[in-house]
Amino acid sequence: MGPRWTADLDLLLTTVFCTTDDLLPDRQARLGHLFPQLPLQPETVRRSALADAADHGWCASHSRYFWGFRLHAIFAPDGTPRALALTSPKADERDVALGLLALVALHLADELALQLRT
């Protein structure tokens, strides 16, 4: 087996070129000599441990439905994360944002109180 990056490249090309199970055997026949990491046959689907927690949602920017989570974040002007939330895609973004802002406000109040004590 070659260097680690070649295996990573093979994996990337597998995901790009083998988007459906019916194309995989054809890709293996034509590209197998170039990418030895391409699987000979498609793997069976493995369920994630988070499968029961994930949900279907709508992505307006891509105009399509997806299955998974939404990651909400608030960052400081210097780029440091202040609050993160992993939610169901069906959760109202405004409610999540208000909850995150409340967490940031509490954290800032604690920092200010700590600075005033010293």
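The values are calculated or read from the model by the stated rules, or taken from the named source; none is laboratory data. Keep in mind that what you see is a predicted model, and the values were worked out from it rather than measured. So basically every Cβ, Gly included, is an ideal-geometry build from the backbone, and we count neighbours across all protein chains shown.
Select from segment 87-104 the residues that are surrounded by 12 or more Cβ atoms within 10 Å (Cβ to Cβ) and of a type in the set (A, V, I, L, M, F, W, C) and list them in ascending order.
Within segment 87-104, Ala91, Val96, Ala97, Leu100, Leu101, Leu103, Val104 qualify.
Given Ala102, Ala91, which one is assigned to a loop (DSSP other than H, G, I, E, B) and among the hydrophobic types (A, V, I, L, M, F, W, C)?
Answer to the check: Ala91.
Of the numbered conditions (1) modelled with pLDDT under 90; (2) in a strand (DSSP E or B); (3) surrounded by fewer than 11 Cβ atoms within 10 Å (Cβ to Cβ), His56 satisfies every one except a single condition; which is it?
Here His56 clears every test but (3).
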